[in-house]
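Engineer: Encoded as structure tokens, here's the structure I'll be asking about.
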Amino acid sequence: MAEANAFSWPVRVYYEDTDAGGIVYYANYLKFLERARTEWLRSLGIEQDTWLAHRLGFVVRQVTMDLIRPARFNDELRVTVVVERLKRASVVFTQQVLDQNGTVLCQAQVKAACVNLGEAGDAVRAVPMPTEIIEVLKRAS
């Protein structure tokens, strides 16, 4: 079951999300997780396009995902986000995809790094998150 302090985002399974057997294709869970993290940041007032304009972004560095039960076409799901660990240049999230009954279908741990995107051709490198983002994430944790 999802944690009480978890952010939750609804997702409906579309036909395009499924494989030939009518179940969600495993890679699409990553999309569901990404959407929930994006909406969580937006709910906190962190608009990623604003930071991208300053050549600052978050990139997924590591994912551990456990697919427990299948989701199927037209299911209504809930995707949760909880901050597990917050460091100066990265954040680790614990996320779950649950069905309407609260049954965990997918569990994941996602590590995202804050990076300087530089200009075209520049190397992408990890950098400390701006203090204002860290403060917002701390309050939300």
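The values are calculated or read from the model by the stated rules, or taken from the named source; none is laboratory data. Treat the numbers as computed from the prediction; the structure is a model and nothing was measured. Don't worry about glycine lacking a Cβ; one is built from the backbone with ideal geometry, like all the others, and counts go over all protein chains shown. Side chains included, ligands, DNA and RNA excluded: accessible areas come from the protein's heavy atoms. Shrake-Rupley method; radii C 1.70, N 1.55, O 1.52, S 1.80 Å.
Engineer: Please identify which residues in region 104-129 have an amide N closer than 14 Å to a label point set 7 Å out from the Cα of ARG69, following the Cα→Cβ vector.
Structural biologist: Residues 104-107 qualify, since their backbone N sits under 14 Å from the label point.
Engineer: Helix-only estimate, please: 222 nm mean residue ellipticity of the chain, summing -39500 (n - 2.57) across DSSP H runs of length 4 or more and dividing by its residues, to the nearest 500.
Structural biologist: The helix contribution divided over the chain gives -7000 deg cm²/dmol.
Engineer: Taking only the alpha-carbon positions of region 34-115 and ignoring solvent, what does the Debye formula give for the base-10 log of I(q)/I(0) at q = 0.22 Å⁻¹?
Structural biologist: These q points yield log10 I(q)/I(0) values of -1.07.
Engineer: Turning to a different aspect of this structure: Ignoring ligands, DNA and RNA, how do PHE32, PHE7 rank by accessible area with a 1.4 Å probe, largest first?
Structural biologist: PHE7, PHE32
Engineer: Find the accessible area per residue for the chain; the probe is 1.4 Å, ligands and nucleic acids are left out, and the unit is Å².
Structural biologist: Accessible area per residue: 59 Å².
Engineer: For the chain, take the longest principal axis of its alpha carbons; what is the angle in degrees between that and the long axis of helix 131-140, to the nearest 10 within 0 to 90?
Structural biologist: Roughly 30 degrees, rounded to the nearest 10.
Engineer: With labels modelled as points extended 7 Å from the Cα through the Cβ direction, what inter-label distance (nm, one decimal) is found for ARG35 paired with ASN5?
Structural biologist: The modelled label-to-label distance comes out at 2.7 nm.
Engineer: If all Cα-Cα distances of the chain are sorted into 5 Å bins from 0 onward, what percent lands in each bin, rounded to whole numbers?
Structural biologist: P(r) over the chain, rounded to whole percents: 2, 10, 19, 21, 17, 13, 10, 6, 2, 0.
Engineer: Could you state the angle between the C-alpha long axis of helix 26-43 and the longest principal axis of the C-alpha atoms of the chain, as a value from 0 to 90 degrees rounded to the nearest 10?
Structural biologist: 50 degrees
Engineer: Round to the nearest 0.05 the FRET efficiency obtained for ARG125 and TYR25 when R0 = 25 Å and r is the Cβ-Cβ distance.
Structural biologist: 0.15
Engineer: Okay, next question. How large is the direction-averaged shadow of the alpha-carbon convex hull of region 82-139, in nm²?
Structural biologist: 5.6 nm²
Engineer: GluC sites (Glu not before Pro), restricted to region 48-138: which are DSSP loop and have at most 15 other Cβ atoms within 10 Å?
Structural biologist: GLU119
Engineer: Name the lysines eligible as straight-distance cross-link partners of LYS87: C-alpha to C-alpha under 20 Å, and not fewer than 8 places from it in the same chain.
Structural biologist: Qualifying lysines at Cα under 20 Å: LYS111, LYS138.
Engineer: Separate question: Out of the total accessible area of the chain (probe 1.4 Å, heavy atoms of protein only), what percent is carbon and sulfur?
Structural biologist: The computed percentage sits at 49.
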